[in-house]
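Take a look at the structure below.
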Amino acid sequence: MKPIIFTTLTLLMTLPLFSQTDKASQLVSQMTTEEKVNLVVGMGMNIPGMSAGNGTGVGQITDKVPGAAGSTYAIPRLQLPNTIVADGPAGLRISPTRPNDSKTYYATAWPVATLLASTWDTRLVQQVGLAMGNEVKEYGVDVLLAPGMNIHRNPLGGRNFEYYSEDPLISGKMAAAMVNGIQRNGVGTSIKHYAVNNQERNRNTVDAVVSERALREIYLKGFEITVKESNPWTVMSSYNKLNGVYTSEDYDLLTTLLRKEWGFKGMVMTDWFGGKDAVAQMKAGNDLLMPGTKEQNKAILKALQDGSLDKKIVDENATRIVNYILGTPAYKKYVFSNTPDLKAHALLARAAAADGMVLLKNEAAALPIASNNSGIAAFGITSYDFVSGGTGSGDVNEEYTVSLVDGLKNAGYKLDAELTGSYQEYVKTEKAKQPKKNFFEEFMNPTPRIPEMEISDAMLEAKAATADAALITIGRNAGEGSDRKEENDFNLKAAEVSLIDRVTKAFHAKNKKVIVIINSGGVIETASWRDKADAILLAWQPGLEAGNAVADILSGKVNPSGKLATTFPVNYADDITAKNFPGTEFPEKVTIGNFGMKQIPAEVVYEEGIYVGYRYYNSFGIKPAYEFGYGLSYTQFSYSPFTISSSTMKDKITVSMTVKNTGKTAGKEVVQLYVSAPEGSVNKPAAELKAFAKTNLLKPGQSQKLSFTLAPAELASFITQRSAWVADAGKYVLMAGSSSLNIKQTTSFTLPKEVVTESCNKILSPKKEINEVKPKTTKGF
């Protein structure tokens, strides 16, 4: 897919900090040692129930934006202000109310990353970023701690909702679009969590043991794309160890690779309380320690005094921080309004949400549903208590969340009044029983969702007799601090299985349709019950306009065009990572960390190597419930045969094809370009996504031509023994599909000789041998 093209003015807007290096160095030269150390050790977050920081001092403003995650240290005599950083990936996270202030400071809860990735539309994601960045700027924040872009290695990852995909190309392109959008406002981003932070359990102690090839091809590639295509102001290092070294203390990861190989010029900050050794972090090139502690301050001062830490290193760290500060709204004395256009942003959030919802099933045109029906029976507590987004630092304090039933009412649907009233009263009563918790209490002990309401046989029979159709919503939530479970989370709960079974039997007995809506930030099991439903809509976690966006799809106002950016397996055990997620624990080595939390050392060996997600399923012949790239529409599309610029690649190959709407409804199609490479010195997946594009809204009979250009670098695999990216000579098969398994057209070309596209430093190698899996054959699907 062609990269987004920006004007010179736009590029200047996205790069406000890199032209200030000389001035930054000059300012650092005027600082005392204590000021430099205070600068590299950040200041605390203002979240209820938690406090941290290196202490306040003269000129420090700690309450500029209540609820922000932290700030940098101010040096007033050098005109360097505090700058503010705040969460997070699904929207700005700050306190919505303030003491002795009648105003409110709500932010937009945008669709979560799994949904945005399912749009496969980088233009739309950039629009979302532009609006999100406006809220960041107008609420007085300088850097948004987003986007999150770790890989969906395992379906149970607690923060998968914050991340885009199991595929690094999707992750990198989506994150780059988001960064470009946000930073056009003159505020910064922090792409995270760098790197291999693919689980929450033992996230502060786990050692991820990964081969260099898997790192470079899967877990680092998305970060590389984003760094090179969007120039994020900052990168956030992760909590975990990587091949025995904490990422925030890893010189090869933060300096050799990020800065020297990729050309990153910005600032690196830790995740909050990340790493163990402040001096090692300085040496690695981790410039800013967040949210900062007095112990870190003392350790760095001592190391400078005894000579174990070179002054030049701290000068470099401080210079990069000052370089960042000089580009911020705070330094430029921007007068923020505290009044972003939340109404306009809500409209965009609604459109984005609908664009990323995935229609998984639609038998006998069960959808769309006409709004002039005699009534809809909405079952499931989540129909009345819709989940806008995940928990933890990825949560947003929005003013409202439109429930499914409210969205249906707004769209003109009639709802069964008795059933709706019973559910609403039940939800209200059950939620009132839940204890009120601050952020830290909720983080340590998440409040479970309320149980399903029992429905009597008599009520069910009555509703099947009077309503035109039934809707069942299955809800899930997860977030920071813990991973999901297989039972009663990935798999449905017994009450949910019973609800689907009973409702479908009752309504099908009356020849009426049942539609299931999945309101989840991550993957759930569907194979055991999907045959019972007439239609299944994956709504993900759609943000504050949730119910309105779902109603747009159900009514046909919006034709679904979302495609899965992560695989839905038939069973959890089908996923190759299920056997070693979340790794092996060593409880005999337990320690006590911040806030009295137990720290259990652990290790997880990435035995699957590069075979993550569809690369595994398609290469090993494991059929999923719904494959990567899958998604239905209310219309149909045809793909013309490829037009290819040459049958032999020299510097590049361009392929084109025309997509035509052959149905009766206007719609959009996502064209996915997969490449099957020849066998070479290393084993390769059956095929890999190399480009993608989403059409405009095509009316019935309308066509659009799409073109893709590939160079040898897009074809290359990383050869560990040679420390190089190599495109093997031979025949390459190009496949255009509406999913990774539904291939519409194929063509091929030849690369006449091997091409070494890049030679690299030999770094990040695991200290133990990994017995990585290998498919018997990678020819075809």
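The values are calculated or read from the model by the stated rules, or taken from the named source; none is laboratory data. Quick caveat: nothing in here was measured; it's all calculated off a predicted structure. Ideal geometry is used to build each Cβ from the backbone, glycine not excepted, and the neighbour counts take in all protein chains shown. To get the accessible areas, we keep the full protein, side chains included, count just its heavy atoms, and leave off ligands, DNA and RNA. Shrake-Rupley method; radii C 1.70, N 1.55, O 1.52, S 1.80 Å.
Do we find that Lys428 is open to solvent by 80 Å² or more (accessible area, probe 1.4 Å) and within 27 Å of Asn362 (Cα to Cα) in this structure? Write out each step before concluding.
Values: open to solvent by 80 Å² or more (accessible area, probe 1.4 Å): yes; within 27 Å of Asn362 (Cα to Cα): no.
In short, no.
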Open item on the list: Checking the condition within 30 Å of Gln599 (Cα to Cα) and free of Cβ contacts under 8 Å to residues at least 40 places away in the same chain, which residue from Asn488, Asn477 passes?
Closed with: Asn488
TODO: May I ask you to list pairs of residues, at least six apart or on different chains, whose Cβ atoms are under 7 Å apart, with the first in the range 664-680 being part of a loop (DSSP other than H, G, I, E, B) and the second being acidic (Asp, Glu) and buried (at least 20 other Cβ atoms within 10 Å of the Cβ)?
DONE: Ala677/Asp728; Pro678/Asp728; Gly680/Asp728
Open item on the list: Among (1) hydrophobic (A, V, I, L, M, F, W, C); (2) in a loop (DSSP other than H, G, I, E, B); (3) touching a Gly at 6+ places or on another chain (Cβ under 7 Å), there is one condition Val523 misses while meeting the rest; what is its number?
Closed with: (3)
Open item on the list: Just checking, does the range 318-326 include any residue being buried (at least 19 other Cβ atoms within 10 Å of the Cβ) and either over 30 Å from Asn38 (Cα atoms) or among the aromatic types (Phe, Trp, Tyr) (or both)?
Closed with: yes
TODO: State whether one or more residues within the range 472-481 are closer than 25 Å to Ser528 by Cβ, loosely packed, with under 15 Cβ neighbours inside 10 Å, at pLDDT 95 or above and among the basic types (Lys, Arg).
DONE: no
- [ ] Could you tell me which residue of the range 246-261 is nearest to Leu39 (Cα to Cα), considering only residues that are open to solvent by less than 20 Å² (accessible area, probe 1.4 Å) and under 23 Å from the mean Cα position of the chain (by Cα)?
- [x] Ser248
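Within the bounds of the range 350-367, is there any residue that is assigned to a loop (DSSP other than H, G, I, E, B), open to solvent by 40 Å² or more (accessible area, probe 1.4 Å) and within 30 Å of Arg484 (Cα to Cα)?
Within the range 350-367, the first condition is being assigned to a loop (DSSP other than H, G, I, E, B), and the residues that meet it are 357, 366-367.
Next cut, open to solvent by 40 Å² or more (accessible area, probe 1.4 Å) only: none.
Looking for residues that are assigned to a loop (DSSP other than H, G, I, E, B), open to solvent by 40 Å² or more (accessible area, probe 1.4 Å) and within 30 Å of Arg484 (Cα to Cα), one finds none in the range 350-367, hence no.
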Open item on the list: Can you tell me how many residues within the range 25-63 are surrounded by 17 or more Cβ atoms within 10 Å (Cβ to Cβ), charged (D, E, K, R) and at pLDDT below 95?
Closed with: 0
TODO: Collect the residues in the range 167-213 that are assigned to a helix (DSSP H, G or I) and hydroxyl-bearing (Ser, Thr, Tyr), keeping them in residue-number order.
DONE: Ser171
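Residues are listed down the side, and each one gets a yes or a no for (1) within 26 Å of Gly91 (Cα to Cα); (2) within 30 Å of the chain's Cα centre (by Cα); (3) touching a residue at least 40 places away in the same chain (Cβ under 8 Å):
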{"position": "Glu363", "(1), (2), (3)": "no, no, yes"}
{"position": "Pro368", "(1), (2), (3)": "no, yes, yes"}
{"position": "Asn373", "(1), (2), (3)": "no, no, yes"}
{"position": "Thr401", "(1), (2), (3)": "yes, yes, yes"}
{"position": "Gly412", "(1), (2), (3)": "no, no, yes"}
{"position": "Gly421", "(1), (2), (3)": "no, no, no"}
Task: Selection from the range 728-766 of residues that are of a type in the set (Ser, Thr, Tyr) and buried (at least 18 other Cβ atoms within 10 Å of the Cβ) - done: Tyr732, Ser738, Ser739, Ser740
TODO: Identify all residues within the range 214-245 that are in a strand (DSSP E or B), open to solvent by less than 30 Å² (accessible area, probe 1.4 Å) and among the basic types (Lys, Arg); write none if there are none.
DONE: none
Open item on the list: Give all pairs with beta carbons closer than 8 Å in which a residue from the range 115-131 that is more than 14 Å from Phe692 (Cβ to Cβ) meets a residue that is open to solvent by 10 Å² or more (accessible area, probe 1.4 Å) and modelled with pLDDT under 95; count only pairs at least 6 apart in sequence or on separate chains.
Closed with: Gln126/Ile4
